[in-house]
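See structure below.
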Amino acid sequence: MKLQRDIIIFKKEGSYSCFPVLEQLADGRLLVALTQREFPSHNSKGRLRLFVAAADGEHWQETTDSSLAPVWPGATGKFRCQLNGDMWLDIGAGGRGGHFDAPEVRPLSERLQWEAQRYITCDHEKDPNAFYLVGKELHVGRSLDGGISWQRQAISAPPEMLSLNGFRGLCLQDNTLLFPVGGQVDKPGLDLHTMEGATWQQYMARSTDNGDTWDWVPMLTDPHGFCTEEVSLLELGGGRILAMTRAHRPGPTGYLWQQWSADNGLSWSEPVETQVWGYPAHLLLLRDGRILCSYGYRFKPAGIRAVVSNDGGRSWDVANEHVLRDDGGTAAQGWGPAHDEVVKARGVSGSDLGYPFSVELAEGAILTVYYFTGRDGITHVVATKWWLEDNEV
């Protein structure tokens, strides 16, 4: 495997830059949308920044051309799609206070009253007089003029849901929209602070009318799920869809789960545990018909890895796992020792990294974009350009 390491897209001292979304534009250029935050947090909204590169992916520049990535002002661009010319949809879940994905910051004096209404709350990392209020709605932003103006629709989750977390959606060839969402299910006596014993319910939000209405299709129920979520989807044709799910349960687990749909997401098979360890996954159909699965790896040596399926996703060549990076393992600046201890108690590395996106370039190389924390502790967005052995140049 030939590697070209460390193509830095955005890195800044004192910033926590994460969760990139990679796209190939119609003109061949590459676009990355990423989130820049002032301190390590998976709750704060942060600032959306856009970067573009030529088709080879080797040199990146920031752009302010918002027409390249029309995004609702309160969203992070996690799932955007263009329908019928100038119509854009931007979809998220779990946000509040005008945000699609990020929870709302509220004064600490309100915390007990929200918890009494069975809302999940989280401590604020920096402000002891504030807390995060987690939402439980599906948010749909719609623009009919290429992102100049937006209309917003909020759709309540099923009533038993305590939270709603969305991941990367998919627009099928027939314009069916799929957006995986999940969260913890409420039950009598459940402690909202520890969530001990909570069941995780995963749905597929599905729309066949350009996002006007949505059905909640059950995917899986995990009675031991800490976060059985972050589902990656791949359309294979003939109604078949492959889903790879992060199954991060209590204890040192982390093998990806796999599911199938044969009817464009109307129903799903029971999940099967793969032998691929890492999370979350990104799936890419290569031009030769193979499937590439890339993922973050948080055991030592922590980094970014990928495997290939030669049989349409029925099995994965884990014996020939591709190691793109193995120099992770450093905690992000600002997390602090308490966070590290919690993470390590789950049996994984304290490094914050992963969430890759991969594309196949015209030259035959793979470009994998992800966020990473190196030895200097600066969490940044970076790409690795690499070739599968039989495609090396």
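Can you find a residue in segment 25-39 that is buried (at least 16 other Cβ atoms within 10 Å of the Cβ), of a type outside the set (Val, Ile, Thr), farther than 18 Å from residue 366 by Cα and free of Cβ contacts under 8 Å to residues at least 40 places away in the same chain? Checked against the condition, which is being buried (at least 16 other Cβ atoms within 10 Å of the Cβ), of a type outside the set (Val, Ile, Thr), farther than 18 Å from residue 366 by Cα and free of Cβ contacts under 8 Å to residues at least 40 places away in the same chain, segment 25-39 yields at least one hit.
So which residues in segment 54-73 are surrounded by fewer than 19 Cβ atoms within 10 Å (Cβ to Cβ) and either of a type outside the set (Asp, Glu) or under 19 Å from residue 15 (Cβ atoms) (or both)? Walk me through how you get there before you give the answer.
So the first thing to find is which residues in segment 54-73 are surrounded by fewer than 19 Cβ atoms within 10 Å (Cβ to Cβ), and the list is 54-56, 58-59, 61-68, 73.
Residues satisfying the conditions are 54, 55, 59, 61, 62, 63, 64, 66, 67, 68, 73.
One residue stands out in segment 81-106 among those that are among the acidic types (Asp, Glu) and modelled with pLDDT of 90 or more: the one that is surrounded by the most Cβ atoms within 10 Å (Cβ to Cβ), namely 90. On the given criteria, is residue 170 among the aliphatic types (A, V, I, L, M) and closer than 21 Å to residue 230 by Cα? Taking the combined requirement at face value, the residue satisfies it. For segment 283-308, the candidate set comprises residues that are over 16 Å from the mean Cα position of the chain (by Cα) and among the small types (Gly, Ala, Ser); within that set, the residue that is surrounded by the fewest Cβ atoms within 10 Å (Cβ to Cβ) is 289. If you go through segment 300-322 and keep only what is touching a strand residue (DSSP E or B) at 6+ places or on another chain (Cβ under 6 Å) and not in a strand (DSSP E or B), you end up with 313, 316, 317, 318, 321.
If you take the residues of segment 128-148 that are without any contact (Cβ under 8 Å) to a residue 60 or more places away in the chain and touching a helix residue (DSSP H, G or I) at 6+ places or on another chain (Cβ under 7 Å), which of them is farthest from residue 42 (Cα to Cα)? Step through it out loud before you land on a result.
Kept after step one, since they are without any contact (Cβ under 8 Å) to a residue 60 or more places away in the chain, are these residues of segment 128-148: 128-131, 133-137, 144-145, 148.
Now narrow it down to the ones that are touching a helix residue (DSSP H, G or I) at 6+ places or on another chain (Cβ under 7 Å): 129-131, 133.
On the way: 129: 19, 130: 16, 131: 13, 133: 13 Å.
Ranking the qualifying residues of segment 128-148, first place goes to 129.
Name the residue, out of 141, 146, that is assigned to a loop (DSSP other than H, G, I, E, B) and touching a strand residue (DSSP E or B) at 6+ places or on another chain (Cβ under 8 Å).
Working: 141 fails: assigned to a loop (DSSP other than H, G, I, E, B).
When all the criteria are applied, what remains is 146.
Among residues of segment 363-374 that are modelled with pLDDT under 95, those with a Cβ under 6 angstrom from a residue that is buried (at least 20 other Cβ atoms within 10 Å of the Cβ) and of a type in the set (S, T, N, Q), sequence gap 6+ or separate chain, pair up as 373/330; 373/351; 373/379. Checking every residue in segment 211-225 against the condition of being touching a strand residue (DSSP E or B) at 6+ places or on another chain (Cβ under 9 Å), among the hydroxyl-bearing types (Ser, Thr, Tyr) and over 27 Å from residue 82 (Cβ atoms) gives at least one match. Of all the listed residues (307, 231), the sole one being of a type outside the set (S, T, N, Q), in contact with a helix residue (DSSP H, G or I) (Cβ under 6 Å, 6 or more places away or on another chain) and modelled with pLDDT of 95 or more is 307. Summed over segment 234-260, the residues that are in contact with a Gly (Cβ under 8 Å, 6 or more places away or on another chain), among the polar types (S, T, N, Q) and either modelled with pLDDT of 80 or more or over 16 Å from residue 274 (Cβ atoms) (or both) give a count of 1.
How about segment 142-154: which of its residues are surrounded by 14 or more Cβ atoms within 10 Å (Cβ to Cβ) and either of a type in the set (Lys, Arg) or under 16 Å from residue 79 (Cα atoms) (or both)? Spell out how you get there, then give the answer.
Looking only at segment 142-154, we keep the residues that are surrounded by 14 or more Cβ atoms within 10 Å (Cβ to Cβ), and these are 142-144, 146-147, 150, 152-153.
Within segment 142-154, 142, 143, 146, 147, 150, 152, 153 meet the criteria.
Here segment 291-327 is the region considered, the condition is being out of contact with any Ser or Thr (no Cβ under 8 Å at 6 or more places or on another chain) and among the hydroxyl-bearing types (Ser, Thr, Tyr), and the residue that is farthest from residue 355 (Cα to Cα) is 297. Scanning segment 352-393 for residues that are among the acidic types (Asp, Glu) and not in a strand (DSSP E or B), we see that the one that is nearest to residue 49 (Cα to Cα) is 352.
The values are calculated or read from the model by the stated rules, or taken from the named source; none is laboratory data. Because the structure is a prediction, the values reported are computed rather than measured. FYI the Cβ positions are ideal-geometry reconstructions off the backbone, even for glycines, and counts take in every protein chain you see.
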